Amino acid sequence: MLYRTVRPLLFALDPETAHGLSLKSLDVLARLGAASLLASPAPPLPVRVMGLDFPNPVGLAAGLDKNGEHIDGLAALGFGFLEVGAVTPRPQPGNPKPRLFRIPEAEALINRLGFNNRGVDVLAENLRRSRYRGVLGVNVGKNFDTPNERAADDYVACLRHVYPYASFVTANVSSPNTKDLRSLQQPGGLDALLAALTAERDALAKRYGNRVPLAIKIAPDIDDAGIEAIADRVAARGIDAVIATNTTVSREGVGHLPASREQGGLSGAPLKALATAVVAKLRRALPASVAIIGVGGIASASDAREKLDAGANLLQLYTALVYRGPGLVGEIVSGLATPGNAR
């Protein structure tokens, strides 16, 4: 496959530089109709979740295309859905570079990007101009300098801007790279945020004649009582889905590797078991009507099957794409669609 040839060249570059170059190259190939050089088409494996019809359950996690600048290129890789962002109301540069680190020995990444993005106005315009007509999620957050007591204002502002273009909207309350953001997962703060979002969603649904599902994205570093408290608030406020999980601050399994000393969230293979355990706990705590999107360490059809068996309805990829390449999407969908493996 082409990616196996170019990966050593990409890995010779700074990770963030390689990330940008890869997306720009993908855009060019997609415009030329040559995306098949990178990925084989994914077979149909339709699923209906949150009242939405997905051609297959394997999606792109937020964070890879923060500003919605590469949607059409990414759509050519066979994903069942895409999620862009995280976006904040105002543009912000994020944390100082370097802020993205590979751990090849563990097929993992550490990032401390810090919600770097060009602001919700730019993202909304990119969504408006996109030709993509599949299922599109938008991940929203707060600006780093917005105090938590006013965080709901930022999330609601983003929801208003992206509502006409989004299939679903995710409130990201779990990035470890914005100071104190994860405290929004505590019951009081979370309940107030979800109340504000659902009230605004209901008003927007009347305005546009279309109810857009809401999701929240949670951390893997939550104890059982915390998971149950989140599930309680999600069910009570009519949230449609939980994305489990974001990156972890744990370094279990990679603590002996030099790059593990970098601050930030760890993703990839070392996160798999922890994220799957959270999915299973959520499934037991949530009503069946609330969907779970499983993400964290999925690098094969077998990994995907584990998340589905634990209770996920949909899946998302990110870090494994860096190590395995874009052909992984079709590989996983094909594996799940094979008799004996399909859900």
*Checklist (1) of a type outside the set (D, E, K, R); (2) in contact with a strand residue (DSSP E or B) (Cβ under 9 Å, 6 or more places away or on another chain); (3) under 27 Å from Thr5 (Cβ atoms) applied to Gly325, failing item*: (2)
*When the residues of region 184-236 are filtered to those that are in contact with a Phe, Trp or Tyr (Cβ under 7 Å, 6 or more places away or on another chain) and in a loop (DSSP other than H, G, I, E, B), which remaining residue is surrounded by the fewest Cβ atoms within 10 Å (Cβ to Cβ)?*
Pro213
*In this structure, is Ala18 of a type in the set (Gly, Ala, Ser), surrounded by 18 or more Cβ atoms within 10 Å (Cβ to Cβ) and free of Cβ contacts under 8 Å to residues at least 60 places away in the same chain?*
yes
_Only one of Leu113, Leu159, Leu136 is of a type outside the set (Val, Ile, Thr), assigned to a helix (DSSP H, G or I) and surrounded by 20 or more Cβ atoms within 10 Å (Cβ to Cβ). Can you tell me which?_
Leu159
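Out of the residues in region 63-99 that are among the aliphatic types (A, V, I, L, M) and not in a strand (DSSP E or B), which is nearest to Leu38 (Cα to Cα)?
Here the residue is Leu77.
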*Which ones in region 170-183 are farther than 17 Å from Ala62 by Cβ and either buried (at least 22 other Cβ atoms within 10 Å of the Cβ) or small (Gly, Ala, Ser) (or both)?*
Ser183
*Restricting the search to region 245-259, which residues are touching a residue at least 12 places away in the same chain (Cβ under 8 Å) and part of a loop (DSSP other than H, G, I, E, B)?*
Thr245, Asn246, Thr247, Val249, Ser250, Arg251, Glu252, Gly253, Val254, Leu257
*Which numbered condition Phe81 fails, given (1) among the aromatic types (Phe, Trp, Tyr); (2) in contact with a strand residue (DSSP E or B) (Cβ under 7 Å, 6 or more places away or on another chain); (3) surrounded by fewer than 21 Cβ atoms within 10 Å (Cβ to Cβ)*: (3)
*Of the residues that sit in region 275-323 and are aliphatic (A, V, I, L, M) and in contact with an Asp or Glu (Cβ under 8 Å, 6 or more places away or on another chain), which one is farthest from Val84 (Cα to Cα)?*
Ala285
*Members of region 293-341 found to be part of a loop (DSSP other than H, G, I, E, B), under 17 Å from the mean Cα position of the chain (by Cα) and at pLDDT 95 or above, listed by number*: Gly296, Gly297, Ile298, Ala299, Ala312, Asn313, Tyr318
*Any chance you could count how many residues in region 151-167 are within 13 Å of Leu197 (Cα to Cα), in contact with a Lys or Arg (Cβ under 9 Å, 6 or more places away or on another chain) and not hydrophobic (A, V, I, L, M, F, W, C)?*
4
_Among residues of region 282-292, those that are surrounded by 20 or more Cβ atoms within 10 Å (Cβ to Cβ) and part of a loop (DSSP other than H, G, I, E, B), counted_ = 2
*Residue that is farthest from the chain's Cα centre (by Cα) [pool: residues in region 260-281 that are surrounded by fewer than 22 Cβ atoms within 10 Å (Cβ to Cβ), of a type outside the set (D, E, K, R) and not in a helix (DSSP H, G or I)]*: Gln263
*Mind checking which pairs have a first residue in region 26-42 that is closer than 9 Å to Leu77 by Cα and a second that is at pLDDT below 80 and not in a loop (DSSP other than H, G, I, E, B), Cβ under 9 Å, 6 or more apart or different chains?*
Leu38/Leu2
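The values are calculated or read from the model by the stated rules, or taken from the named source; none is laboratory data. In this text, all values refer to a predicted model and were calculated from it rather than measured experimentally. Backbone-built Cβ (ideal geometry, glycine too); neighbour counts: all protein chains shown.
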